[in-house]
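Take a look at the structure below.
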Amino acid sequence: MADQSRLSVYLIALGAFALGMASYVTAGLIPLIGDAFSVSAAKAAQLVTAFTLAYGLGSPIVVALLPGHHQRLGLLVALAVFIVANIASALATSFLSLAIWRAIAGVGAGVYLAMGIAAAAAITPEAQRGKAIAIIMGGMASGTVLGVPISLLLAERLGWASAMWLIAVLGFIACAGLHLKLPALAATPALALARKLAILKSPHAMAILTVSLLAAIASLGMYTFIAPFMAATESGAVESITGYLWVWGIGGVVGSFLIGPLVDKFNGPVITLAIMLLLFIALIALPFSASVHPLLTLLPIALWGAVGWALQVPQNNELVRTRQAHGDGNLAVALNESALYLGSAIGAASGGILLAYHLPVSTLAVGAGAIVALGAFVQLALVVKAQH
């Protein structure tokens, strides 16, 4: 990887670090925002919904409408929109305006990540593409694991808006660096919107997206309920889950960075299948390890975090590899990110239903494992088809 390309990838990863913070920090700011605008915690939590819905539903639409001959400009504008939306969030004087700006930030974040992954793939030799995507996904994971706690500490001392300012500053540094260093990107074929949406009729692409969706339902859905799972009597009645969340997050950062070289050396779909099997083992092992001793769950939690975050590297790489020639590689990546957010929402809703029926918390892990097993079967079909 040439020096300029390598620097560009790291700058894209810095922007991903900022949007990783933006995606998850709001949940921690809910009490402070609620007090600042005199709204309930339930209402303040809708800021998370505004961001994630706009990210998951709005960004693929915007990516689909972007002209193929302005890929570099589209990337920079998306990041600029994200920066402006975070500045405006920090300056918001009403809860409604804050919610609107969080939604705009979500769209900017989603478009930026899709365009950033596609840009990294375009300027990186194919033999190193997996590593480049891994650096970007590792940046996003680091923003979640390291950036969120730092921004929350800052918010506790200087107010909730300071977290938004920090995100904006990091985004600005990335944007300025990319403006100076990101090389020109080759124009993708000019396609009508109907041609771009043809990806939805591609069995191969839809199968990849289905695997991402099922993995997100299981992994991110289960993550939503890690606190009640560990607090249950059968899991050891753990009072503080902070250490467990750190282990999950650190595992995610490590997994995101380490998976890149493997994707470059080995068959991507086979790696995805192996990841799905490891994710199945990690989730199924949770209730068994917790029943022995809560600390034993740190092992499957670390594995769960590592493979859960690592999965998107071979998935995005395969989508770019197979759809770039069709001119809809950017849209494919955006749809993959949408699958993650949709899966997270479905997983959270499904878990809530299970708990509402007062089923044992172990049902959450077993159910998540079953969903991953279904995804593994879909992936196995992809691997078998590719070999024939």
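Working carefully through the options Leu53, Leu29, Leu11, Leu19, find the one that is buried (at least 22 other Cβ atoms within 10 Å of the Cβ), over 30 Å from Pro261 (Cβ atoms), in contact with a helix residue (DSSP H, G or I) (Cβ under 9 Å, 6 or more places away or on another chain) and not charged (D, E, K, R).
Details: Leu53 fails: buried (at least 22 other Cβ atoms within 10 Å of the Cβ); Leu11 fails: over 30 Å from Pro261 (Cβ atoms); Leu19 fails: over 30 Å from Pro261 (Cβ atoms).
One residue alone meets the criteria, Leu29.
Specify the residue that is nearest to the chain's Cα centre (by Cα); the eligible residues are those in region 202-231 that are modelled with pLDDT under 85 and surrounded by fewer than 18 Cβ atoms within 10 Å (Cβ to Cβ).
Per the stated criteria, the residue is Ala227.
Please state which of the following conditions Thr93 fails to meet, knowing it meets all the rest: (1) out of contact with any Asp or Glu (no Cβ under 7 Å at 6 or more places or on another chain); (2) assigned to a helix (DSSP H, G or I); (3) not hydrophobic (A, V, I, L, M, F, W, C).
Of the numbered conditions (1) out of contact with any Asp or Glu (no Cβ under 7 Å at 6 or more places or on another chain); (2) assigned to a helix (DSSP H, G or I); (3) not hydrophobic (A, V, I, L, M, F, W, C), the odd one out for Thr93 is (2).
Which count do you get for residues in region 329-377 that are of a type in the set (Val, Ile, Thr) and surrounded by fewer than 21 Cβ atoms within 10 Å (Cβ to Cβ)? Reasoning before the result, please.
If we filter region 329-377 for residues that are of a type in the set (Val, Ile, Thr), which is where we start, we get 333, 346, 353, 361, 363, 366, 371-372.
Subsequent filtering for residues that are surrounded by fewer than 21 Cβ atoms within 10 Å (Cβ to Cβ) retains 346, 353, 363, 366.
Total meeting the criteria: 4.
If the requirement is being of a type outside the set (Ser, Thr, Tyr), assigned by TED's automatic domain parsing to the domain that holds Leu166, over 14 Å from Tyr55 (Cβ atoms) and in contact (Cβ under 8 Å) with a residue 24 or more places away in the chain, which of these qualifies: Ala114, Ala80? Show your work before the answer.
Values: Ala114 fails: over 14 Å from Tyr55 (Cβ atoms).
Being of a type outside the set (Ser, Thr, Tyr), assigned by TED's automatic domain parsing to the domain that holds Leu166, over 14 Å from Tyr55 (Cβ atoms) and in contact (Cβ under 8 Å) with a residue 24 or more places away in the chain holds for just one of Ala114, Ala80, which is Ala80.
Yes/no per residue for (1) modelled with pLDDT under 95; (2) out of contact with any Leu (no Cβ under 9 Å at 6 or more places or on another chain):
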| site | (1), (2) |
| --- | --- |
| Pro269 | yes, no |
| Leu273 | no, no |
| Met276 | no, no |
| Ile281 | no, no |
| Ile284 | no, yes |
| His293 | yes, yes |
| Trp304 | no, no |
| Val307 | no, no |
| Gln312 | yes, no |
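May I ask you to list the residues in region 256-274 that are buried (at least 18 other Cβ atoms within 10 Å of the Cβ) and in contact (Cβ under 8 Å) with a residue 60 or more places away in the chain?
Ser256, Phe257, Ile259, Gly260, Leu262, Val263, Asp264, Gly268, Pro269, Thr272, Leu273
The values are calculated or read from the model by the stated rules, or taken from the named source; none is laboratory data. Every value quoted in this text rests on a predicted model; they were computed, and no experiment measured them. All Cβ positions, even for glycine, are placed from backbone atoms using ideal geometry, and neighbour counts span all protein chains on display.
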